[in-house]
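Reviewing the structure listed below.
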Amino acid sequence: MSRTPAGRRTRYALCGLSNRGLSLFALPLLGLDATGTRPAEHADPAEPAGPSELSELPEHGELVAILDVDADRVRAFGDLTSTDVPFYAPAEFDRMVDEVGPDVVLVTSPDATHAVYAIAALRRDRDVITEKPMAATCAQVREMLAAERASRGSIRVAHNLRYTERNRQLKRMLLDGAVGRVTSVELTWSVDTYHGSSYFHRWNRERRISGGLSIHKACHHFDMVNWLVGDVPEQVFAYGALNYYGPGSPHRPETGEGDDPRRDCPYHQRWLADGDVPEDDHLKPRTGLGGLPYTVQYPPGTRNWIYDEAIDIEDTYSAVVRYRSGASLSYSVLFSGAWEGYRLAINGTHGRLEACSVDFRDGKGETPESGQIVHHPMFGQARRHDIAGGEGGHGGADPLIRRDLLLGPSQESLDLRIPADSREGALAVAMGEAVWRSVADNRPYSIDELLDHSAPT
Ligand SMILES: NC(=O)c1ccc[n+]([C@@H]2O[C@H](COP(=O)([O-])OP(=O)(O)OC[C@H]3O[C@@H](n4cnc5c(N)ncnc54)[C@H](O)[C@@H]3O)[C@@H](O)[C@H]2O)c1
């Protein structure tokens, strides 16, 4: 981005016309909302970008190419948006660079494909912005770091969880010394039955594509902790299992031949319970955001089922992590939870910070204190701090990360060290790989062992 000549817009090529690529980059760069149209005055905050941002981004950046495996999907995108952004197939990456000359390659394809496009871009000295996780394996991460070292380009990783109001406030308090030196972190994450089950009928359910949920999803959580405490993870030990999905699920319906098995599936019934459950793009594998089809990824006539044999990942983990400073993290995550969110506590030599975000999608259930941070000084009076809810995707994080990535980091982002680089992206992947390998091999894994000392400190 910094190498874009003055007076011209930054040229972006998008690899992977995913739901995420659409909402975070493609539509906003075209000045369009989630429906593919130019928004009126009152944009829905759940949509990709607000009206002022939508007019500003296209002044500074330009979507010059889309690379994807699915020509039909890209064609449908052109129809939806009345645009004709040039389309390239994966094997045409170099031709794409020659013909459209992107400054930055945006990588928003499935996780295991990030490395291919990032490395190809770095070889052509382009900058890379990749969605989280930076890659699906540590082997891919090592190759990406080597390619970055040999390139004039660099990698930035879109770790959007850092940008929520709650997390920015926590980081500010930690930098101000609210707890002293961090000694331990407690993090419990719950992905509810609605969202959690969705991973098991999408590509995420196969480790060769997503790295498993300890990488695909938990990389958010690990990166959040690493960034908040400003420390480097050294060793991980974990237990985990597939308890809720796959052929051995206790919820798999027993149905007679010819019956639609989904009729008796409690997860499926929850997805269908519209009226009190909001729309969720995680649940649209056949037609994604904007109604675009996934002709190649989910071919017509095939149907994924959350109890399929193909599922080879875990849905439950408990892990402990040792940090370089001696601090430790105890972490657990469940993908069939009663609520969506997390409970976090950060303990230090001089106090404790507690935060929680608990969301019952359908408004039912008992909601504990959410939307507040509680600060317990070691020997003083505890104090509650309210958190303003941010507007826009992922608790207000998405508009902020998009601005930072496409227009340059804000002063607040620089002060709070929010933008994530390749080293930080690598550490989050390594923690996730250490988790599933530890589960498989029943032994601790060190981060250095997995990254082969290739993540610069
Ligand atoms: N930061 C976040 O909050 C967040 C949220 C969702 C997804 N993500 C990340 O965004 C990325 C996309 O996820 P999604 O669920 O939106 O994807 P998706 O399933 O909506 O779309 C995947 C797209 O990639 C294309 N594709 C498949 N194989 C490809 C290949 N080899 N080369 C190029 N394109 C290919 C598909 O045709 C499809 O267009 C992933 O890396 C995911 O981890 C991040």
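One residue stands out among those in the stretch 393-419 that are among the aliphatic types (A, V, I, L, M) and surrounded by fewer than 20 Cβ atoms within 10 Å (Cβ to Cβ): the one that is nearest to R20 (Cα to Cα), which is L407. Against the numbered list (1) within 29 Å of P399 (Cβ to Cβ); (2) open to solvent by less than 20 Å² (accessible area, probe 1.4 Å); (3) within 22 Å of the chain's Cα centre (by Cα), G78 comes up short only at (3). Hey, among D125, D70, D84, D98, which residue is open to solvent by 10 Å² or more (accessible area, probe 1.4 Å) and touching a residue at least 24 places away in the same chain (Cβ under 8 Å)? Just one listed residue meets the conditions, D125. Annotation note: of L54, L22, L17, the sole residue that is assigned by TED's automatic domain parsing to the domain that holds T108, buried (at least 21 other Cβ atoms within 10 Å of the Cβ) and at pLDDT below 90 is L54.
Close contacts from the stretch 12-23, counting a first residue that is at negative phi and a second that is part of a helix (DSSP H, G or I) and of a type in the set (S, T, N, Q), with Cβ to Cβ under 8 Å and a gap of 6+ residues or different chains, come to C15/T113. Here R181 fits the description: more than 16 Å from the ligand (Cβ to nearest atom) and open to solvent by 40 Å² or more (accessible area, probe 1.4 Å). Only a single criterion out of (1) part of a strand (DSSP E or B); (2) open to solvent by 40 Å² or more (accessible area, probe 1.4 Å); (3) at pLDDT 95 or above is not satisfied by G326, namely (1). Of the residues making up the stretch 128-144, just one is away from the ligand (no atom under 16 Å from the Cβ) and buried (at least 23 other Cβ atoms within 10 Å of the Cβ), namely C138.
Residue count for the stretch 103-122, restricted to those that are without any contact (Cβ under 8 Å) to a residue 40 or more places away in the chain, within 11 Å of the ligand (Cβ to nearest atom) and crowded, with 24+ Cβ neighbours inside 10 Å: 1.
Apart from one condition, T83 fits all of (1) in a helix (DSSP H, G or I); (2) over 26 Å from the mean Cα position of the chain (by Cα); (3) within 26 Å of A34 (Cα to Cα); the exception is (1).
With the requirement that a residue be open to solvent by less than 10 Å² (accessible area, probe 1.4 Å) and of a type in the set (S, T, Y), what does the stretch 191-219 give you? Within the stretch 191-219, Y194, S197, S198, Y199, S210, S214 meet the criteria. How about the stretch 288-323: which of its residues are part of a strand (DSSP E or B) and more than 16 Å from the ligand (Cβ to nearest atom)? T316, Y317, S318, A319, V320, V321, R322, Y323 - these are the residues of the stretch 288-323 that are part of a strand (DSSP E or B) and more than 16 Å from the ligand (Cβ to nearest atom).
The condition (being of a type in the set (V, I, T), closer than 24 Å to G408 by Cα, assigned to a strand (DSSP E or B) and touching a Cys at 6+ places or on another chain (Cβ under 9 Å)) is satisfied by just one residue among V128, V105: V105.
The values are calculated or read from the model by the stated rules, or taken from the named source; none is laboratory data. Note that the coordinates shown come from a computational prediction; the quantities given were computed from them, not determined experimentally. A quick note on method: Cβ atoms are made from the backbone with ideal geometry, for glycine too, and the neighbour counts reach across all protein chains shown. Just so you know, the surface numbers come from the protein's heavy atoms only, side chains and all, with ligands and any DNA or RNA stripped out. Shrake-Rupley method; radii C 1.70, N 1.55, O 1.52, S 1.80 Å.
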